[in-house]
Amino acid sequence: MLAKIKSVSLRGLEEIDVIVEVDISPGLPTFTIVGLPDEAVKESRERVRSAIKNTGFEFPMRRITVNLAPAEVRKEGSIYDLPIAIGILTATEVIHSAERVAQFHFAGELSLNGGVRKISGALPMAIGLSNKGHANFITPLDNRREVEIIDGVDCYPVKHLKEAVEFLNEDREIIPQHIDIKDELAKGVVHDELDFADIKGQFQAKRAMEIAAAGGHNIIMMGSPGCGKTMIARMLPTILPPLTLEEAMEVTQIYSIAGLLRDGIIMERTFRSPHHTASSAAIIGGGNVPRPGEISLSHHGVLFLDELPEFKRSVLEVLRQPMEDGFVTVSRVKMSITYPSRFMLVAAMNPCPCGWYGDTVHGCNCSVYDIKRYRNRISGPLWDRFDIQLEMPRLFPEELTNKPKGEFSADIRKRVISARKLQQERYEGKRIFSNAQLTPKLLKEFVPLDSEEKSFLRTASEKLGLTGRGFDRIVRVSRTIADLEGEKKVALPHIAEALQYRIDLSI
């Protein structure tokens, strides 16, 4: 007897319909899976066999052939365990109505006792199904929250194979639920432990972080050990604006594919801080089946690289193109997959190998050659991609002993949100979320400069030796400073402040 079960597959964020065909015929007992399966899919035979037996159903001792169509699409992972088991039980008439089974899509991994385990990528699967019309989706219970946020898809969660069989035989009722994603986002996230008011001194650094947050700008901080670089970077999420609905959906899909989604939608901007020993594949994504890397997991959030010169040169150079494009394409022999990667790059570094070059208290014991070699680990093109470059001084005893007098993160965040709102209104319909994403063409359209400002910028560019990219980044930062002040036009004071955030790496 033949049974056809509807399932799904993923290629990056793209959902692909898969039909699981199960044929049971007389002959020597065999269990064959065809249709370009990987090893995990081939291992489904043993999981499905044990799950059916341990659930109390009879496993057919006949010739079983499973075809995963379309055959030209490679099938990866354990998500086909549940549809294969349902196909076998439908073909053997344990499940009474093939017509009822045809109303549902299935995805889930089976344990040997018949339990249905959580899978990766349930959210983009559900989004793909909803884009094709209304769908009924039987998923693992642990995936219910990410599927229930999608309109147009009714989620029927099960935690055991027996529950799925009883539901399909109409012996059990499962009522689909839906989560209002807007209500979830409205709850927001409270940062109780971290607050900018706890930072002592470093007023220029806090101002620079506010500008970076308001415009989505890349920022690098250089200073001696203990001056607060890492602490300020880790507090950045407390002043970032909340995710929009569109941004939240994009980020949640990436985490779903990576298997890192814990409980429903991601409601706050992500903060990723990989160790400096991370490989290029870990940063940009990779593997036999390309998975999202750190830059994609930082999408619409922050990628923090502490001790930047300690990262391998090859790792740092792969960041350049995604920083400009907002996406990364991971190519392998069998496939190429594109993941979004529009992130804020925040980096911290010491001024020299020992860390004390230019310090007013500790003496530096590095030679000029050592310092140049250390700083040259960061290429000019990468350095030029930092909109804000900041030198941080050491903290003096009176600053350390006095009570902090800075603003609270909540107050700074209000100004950041107001600035972002102005940007959203200005760039409506352009698929641009912040000033940092302005292209040279859009800069001319949205940031017109008077002759006085142009003359001032021209003189500054000659003295600082700015590249064309560096020039544009000064204009972008100036636009953000004006937005924080609620000004419609960029003026000389805004440009002058933006020019302060440039560092000459030469010594």
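The values are calculated or read from the model by the stated rules, or taken from the named source; none is laboratory data. Everything quoted here is computed from the prediction, not taken from an experiment. As a convention, Cβ positions derive from the backbone with ideal geometry for all residues, glycine included, and neighbour counts pool all protein chains shown. These area figures cover heavy atoms from the full protein model, side chains too; ligands, DNA and RNA do not enter into them. Shrake-Rupley method; radii C 1.70, N 1.55, O 1.52, S 1.80 Å.
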Among F304, V251, P292, flag the residue with its Cα farthest along the positive direction of the charge dipole of region 173-314, charges on Cβ as +1 for Lys/Arg and -1 for Asp/Glu. F304
Which residues does the label zone of K488 cover in region 448-462, counting backbone N under 17 Å from a point 7 Å along Cα→Cβ? 448-450
Working from Cα positions, state the angle (0 to 90°, nearest 10) between the long axis of helix 203-215 and the longest principal axis of the chain. 50 degrees
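At a 1.4 Å probe radius, carbon and sulfur cover how many percent of the accessible area of the chain?
50 percent
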Give the residues of region 229-253 whose amide nitrogen is closer than 17 Å to a point set 7 Å from the Cα of D411 in the direction of its Cβ. 238-240
Within region 251-285, the residues whose backbone N lies under 20 Å from a label point placed 7 Å from the Cα of K182 along the Cα-to-Cβ direction are 251-252, 265-268
Contour excess over end-to-end distance, with Cα ends at T244 and S97 and 0.36 nm allotted per residue: 48.6 nm
With label points built 7 Å along Cα→Cβ from the Cα atoms of E452 and T401, find their separation and express it in nm. 4.7 nm
Cα gyration tensor shape of region 369-507, rounded if a/c is under 1.5, else prolate or oblate by comparing a/b with b/c: oblate
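What are the trypsin sites (Lys or Arg not before Pro) within region 205-281 that DSSP puts in a loop, where the Cβ has at most 16 other Cβ atoms within 10 Å?
Filter output for region 205-281: R262.
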Students often forget the sequence filter, so: which lysines lie under 24 Å Cα-Cα from K6 once same-chain residues fewer than 8 apart are removed? K42, K53, K75, K118, K132, K159, K162
Distance in Å, no decimals, from the C-alpha centre of region 430-459 to the one of region 1-56 is 56 Å
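Going by a ≥ b ≥ c, the root eigenvalues of the Cα gyration tensor, does region 278-353 fall in the rounded group (a/c under 1.5), the prolate group (a/b larger than b/c) or the oblate group?
On the way: a/c = 2.49, a/b = 1.66, b/c = 1.50.
Prolate is the answer for region 278-353, as a/c is 1.5 or above and a/b outweighs b/c.
What FRET efficiency comes out for the pair S314/R373, r = Cβ-Cβ distance, R0 = 22 Å, nearest 0.05?
Using R0 = 22 Å, I get an efficiency of 0.85.
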Given Cβ point charges of +1 (Lys, Arg) and -1 (Asp, Glu) and nothing else, what value in debye, to the nearest 20, does the dipole of the chain about its Cα centre take? 1220 debye
Okay, helix-only estimate at 222 nm for the chain: each DSSP H run of n ≥ 4 adds -39500 (n - 2.57), divide by all residues, round to 500 deg cm²/dmol; what do you get? -10500 deg cm²/dmol
Accessible area per residue, 1.4 Å probe, Å², for region 1-128: what's the number? 41 Å²
Longest DSSP-loop-exposure-free segment, GluC sites (Glu not before Pro), the chain, at most 12 other Cβ within 10 Å: 194-427
If the cut-off is a Cα-Cα distance under 20 Å, which aspartates and glutamates reach K489, setting aside same-chain residues fewer than 8 apart in sequence? E210, D387, E425, E428, E445, D450, E452, E453, D472, E497
